[in-house]
1. So what is the relative contact order for segment 246-301, in percent, with contacts set as C-alpha pairs under 8 Å and at least six apart?
2. Can you tell me which of 111-121, 219-229, 285-295 comes out highest on packing, and rank the rest after it, using the mean Cβ neighbours within 10 Å?
3. Residue 288 versus residue 48, label points 7 Å from Cα toward the beta carbon: distance in nm?
4. Sort the following peptides by mean Cβ neighbour count (other Cβ atoms within 10 Å, averaged over residues), highest first: 242-252, 167-177.
5. Nearest 5 is fine: what % of DSSP beta bridges in segment 122-231 come out antiparallel, could you say?
6. Can you tell me how segment 77-141 classifies by the Cα gyration tensor, rounded, prolate or oblate, using a/c under 1.5 as the rounded cut?
7. Share of antiparallel DSSP beta bridges in the chain, in percent to the nearest 5?
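FYI, it's all coordinate maths here, none of it is from the lab. Computed from a predicted model, the values in this text were never measured in an experiment. Every residue, glycine as well, gets a Cβ built from its backbone with ideal geometry; the counts of neighbours run over all protein chains shown.
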């Protein structure tokens, strides 16, 4: 097994000038206006659900950091990366691949937090019950003849790593391995993959194990219809990546303060936004394995 060690907020601040031309801080000048800290996330589920969930994280961070915080939906994975690159958002809940792409695009960007589950993340391969496929410890080579869907083309757990493992176990790309054209879910992320397989409109799919498990727990998905047939080896995945402008806007040490707020979060509703039990420290090096895989698969743009 190749266990590649693979593993969100924009700020602006307006500072008033004193009569002698010196900058004053918000603390020293109560009239100083602090622009909202805007953050985003890759849309790996229905955006309506995501927006509602992330309001709790915005509320928690605003109270803890003592600055206004707003969540802003990104249209797709590429948009989340581009908005981070442009400085439109300064903190994003990225997947492994999109996080690498964003940090490559912005010098000084840092992965500062990840879920406790993210250093050992995995994907599920699931199949509609009508296929007769059952769970196995071995790669399910029998999926070859069935219709197959990934999630978003830029998803780590829904496309990148499943592609990697298919290639490792079959010595073929997905396009070469499957006898039917490979499909993608262009919206709705892992949720759409799960529902497509559950309905039988696609026979087999690959998705985030956390999303599948939470959908089953919430009664959104019938595990007897969308059956887990294989669990991939571990890799590092999701992370909060911070833009270097944070310290320029809010002062030296603000990124550290933000990291501390994230990893000390015990607010259940805020943690539910990222579907994690706890947030822990992260650093860029933990996701170098993702970079290696993406480069080999020519998916690092």
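1. On the way: 22 pairs, mean separation 11.7, N = 56.
With pairs under 8 Å counted, the relative contact order is 21 percent.
2. Final packing ranking: 111-121, 285-295, 219-229.
3. 4.5
4. Values: 242-252: 18.9, 167-177: 13.5.
Listed from highest to lowest mean packing, they are 242-252, 167-177.
5. 75
6. prolate
7. Here the antiparallel bridges make up roughly 70 percent for the chain.
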